[in-house]
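Accompanying notes for the structure given below.
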Amino acid sequence: MRVPSVAGRRPARLRLALVYSGLFLLAGAILLALTYGLVADSLPASATGSQVSKATGPAPNLELCHEKAATIQQAESCKQEAVQFAQGVADTTVLSDRAQTLRHLLFYSLGGLALMALVSTLLGWIVAGRVLRPVHAITAAARRASEENLGERIALAGPDDELKELADTFDAMLGRLESAFASQRRFVANASHELRTPLTVMRTAIDVTLAKPRRTPDQLEAMAAEVRQAADRAEALIEALLTLARSDRGQGPRSAFDLAVFAEDALDAAGPAIRAASLTVAPTLEPTIAVGDPVLVERLVTNLIHNAVRHNVPDGWIQVTTGTSDGTAVICVANGGPVIPDAEVASLFEPFRRRCPHEEPAGAGLGLSIVQSVIAAHGGHVVARPVPLGGLEVTATLPPG
């Protein structure tokens with residue numbers, strides 16, 4: 001059962017061994033043809049004088065021809081016939097020896113070539129196995145890898161060649177997959193917790209109110225208000241999760257839009273919260289045309305401004321700037337607030353990350369995660385840096401219109 005499988009599958013080791021053997025056979029055949037031609041060219045095709053003497057003995061006696069011949073012409077003719085006969089005998093002998101030599105050369109060369117072809121096939125099989133050993137290690141690691149087992153690495157040792165580069169690349173891919181799965185598990189756990197919280201609040205408010213023997217209209221009204229607030233929080237969280245999932249899939253329909261218009265609308269929507277916190281807003285909104293998914297980008301701008309309002313301090317400040325830089329559309333939102341250490345800035349883009357999770361009102365912790373996901377879907381770039389006296393500055397770039 002194994003032989004047909006190997007024959008039908010034609011493994012790389014067998015192909016490499018056959019290639020090695022075929023190349024050796026081709027080189028040997030070329031070398032044999034050159035050797036045969038050189039030897040055939042070096043062997044004489046006719047006998048020399050010494051070879052004639054060795055083949056027939058001394059040359060014919062001219063005096064004997066004179067004694068037997070009546071005339072000088074007959075003597076000369078007799079001598080020429082004797083020399084021609086001796087030359088023919090010698091040529092026949094030389095040609096026979098030449099053919100036999102070439103035949104022996106061809107026979108032994110072909111035999112040696114066939115033997116070396118078999119040896120080269122065996123050596124090619126062994127060498128191919130050693131060369132493909134790292135590939136087998138990579139294949140085995142890939143088979144063992146799963147969502148629950150991504151911590152194993154190949155860690156191939158040896159020279160820095162293409163196979164080691166492949167193994168290192170595979171190890172790096174496993175590391176990225178392990179990080180992605182871990183992040184996904186954290187995201188699912190956090191999302192479940194966040195969605196469970198408003199449901200728990202609603203259930204508790206309803207159970208507490210219904211447990212009272214005599215419920216007054218004020219108590220029912222308070223319970224309804226608490227349930228409504230929890231429902232709004234759950235709705236906002238679900239909307240944020242849907243936006244995040246949409247941006248992770250990539251941008252939708254593309255069209256041109258003005259970042260300044262989106263920023264102005266977001267500032268108007270955040271007006272009550274800005275006035276309640278006595279924040280000073282300094283907008284510098286230059287017309288900035290960009291191209292992308294307007295729904296996602298509008299949510300991006302809204303999140304930046306809402307974060308700047310939510311994480312500010314009383315009597316704080318907000319700066320919103322739109323414009324172009326190096327051929328890209330730019331929006332920059334800076335705000336006052338508590339001092340943020342440099343080491344914590346990168347973690348602000350993680351889902352459900354809050355600097356002050358116990359403060360109210362608290363968001364879902366998805367604002368900057370959505371910003372980063374939308375920017376990645378548009379092929380842009382987002383950078384956050386802490387303000388020295390407290391606060392945060394976030395700069396996002398998008399493809400220009």
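Any read-out appearing in this document is the output of simple, stated calculations on the displayed coordinates, not a laboratory observation. Keep in mind it's a predicted model, so treat the numbers as computed, not measured. Please note: Cβ atoms are built from the backbone with ideal geometry, for glycine as well, and neighbour counts cover all protein chains shown.
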Table column - 3J(HN,Hα) (Hz), region 292-307, Karplus curve with 6.51, -1.76, 1.60, x for Gly and Pro: x, 8, x, 5, 5, 5, 4, 5, 4, 5, 4, 5, 4, 6, 5, 5
- prompt: Using the 10 angstrom Cβ neighbour count as an exposure proxy, how do Leu267, Leu220 rank, fewest first?
  reply: Leu220, Leu267
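Could you list Lys164, Lys212 in order of exposure, starting from the residue whose Cβ has the fewest other Cβ atoms within 10 Å? Mind dumping the intermediate values first?
Working: Lys164 15, Lys212 11.
Fewest to most other Cβ atoms nearby, the residues stand as Lys212, Lys164.
Arranged by the count of other C-beta atoms within 10 angstrom, fewest first, what order do Thr93, Thr397 take? Before the final figure, lay out the partial values.
On the way: Thr93 16, Thr397 22.
In order of increasing Cβ crowding within 10 Å: Thr93, Thr397.
If R0 is 51 Å, what FRET efficiency do you get for Glu344 and Leu123 from their C-beta distance, rounded to 0.05?
Details: r = 61 Å, r/R0 = 1.20.
It comes out at approximately 0.25.
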query: Taking R0 as 25 Å, what's the FRET efficiency between Ile289 and His381 from their Cβ-Cβ distance, rounded to 0.05?
result: 0.90
